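Some notes on the structure that comes next.
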Amino acid sequence: MVMTAPRPNLTREPTAFNGKPSYELRAEHLGASNLQLEVWQLPATATPHITKPVRIAGLKGRNLALIEHRILRRLSKAGISLGGLKPDQPNAFPVDEDLAMMLGLIFRVLAPMRSRENMVTCVEGIEAMGREEASYWLGMAMHRKNPRRVLASLRMLMKD
C-alpha cells in the first residue's frame, strides 16, 4: 500500500505568496478619541530579506487627529473601516503597496512636527506626489544613515 501526501488546495493562494510585498495597517483605539495607526511590512516571497514584520511608520495623538479625516477617507476607498475598534484591542488590515507607501511617508513626515499649518501643507504635498516620487522619499527616509535630514529636506520642500 503506497501512501501519498494530500494535495494542497491551489484555488486559494495566501497574499504572502502572490509575488508582491505584503503590508498591513495596525490600528488601536487607545482611549477617548485617541487612535494609533501603524504601517508594517510583512514577510513575503517578494521580500526574502524580511523574516519578521518591519514597522514602516506610525502616528497617534494630536498629529493624527489633525489629518484623521484625510486618512479615513483614503482607508474607506480601500475598503477599510475603523468604526468598530474596541479600546486596547489592536486590529490589523491588509493594505496594498501604494496605500502603505503613502501612509508610511505621511506618518514619518508628520510625527515630529508641531505647526498645524505646515503639517497640512506637507500632507497636501505628499498626496500630490506620484508613486515614484513617494517611493523615492520613503526609501530615503527608511534606508539612509541620517533619515532625519531626509525628512527635514522633504518638509522644507513641501513648505516652499
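The values are calculated or read from the model by the stated rules, or taken from the named source; none is laboratory data. Keep in mind that this is a model prediction, so the values were computed, not measured. Neighbour counts are summed over all protein chains in view; Cβ atoms, including those assigned to glycine, are modelled from backbone coordinates with ideal geometry.
Some notes on this structure:
- Counting only residues that are of a type outside the set (A, V, I, L, M) and loosely packed, with under 13 Cβ neighbours inside 10 Å, segment 137-157 holds 6 of them.
- With respect to the stated conditions, VAL39 is at pLDDT 90 or above, within 11 Å of the chain's Cα centre (by Cα) and on the phi < 0 side of the Ramachandran plot.
- Members of segment 71-107 found to be surrounded by 12 or more Cβ atoms within 10 Å (Cβ to Cβ) and closer than 15 Å to ILE126 by Cβ, listed by number: ILE71, ARG74, ASP98, LEU99, ALA100, MET101, MET102, LEU103, GLY104, LEU105, ILE106, PHE107
- Of the helices (runs of 4 or more DSSP H) that lie entirely inside segment 88-160, those containing 1 or more residues that are among the aliphatic types (A, V, I, L, M) and without any contact (Cβ under 8 Å) to a residue 24 or more places away in the chain span 116-128, 131-143, 147-159.
- Exactly one residue out of ALA44, ALA57, ALA32 is in contact with a Phe, Trp or Tyr (Cβ under 8 Å, 6 or more places away or on another chain) and more than 23 Å from CYS122 (Cβ to Cβ), and it is ALA44.
- Looking only at segment 31-70, and only at residues there that are free of Cβ contacts under 8 Å to residues at least 12 places away in the same chain and assigned to a helix (DSSP H, G or I), the one that is surrounded by the most Cβ atoms within 10 Å (Cβ to Cβ): ARG62
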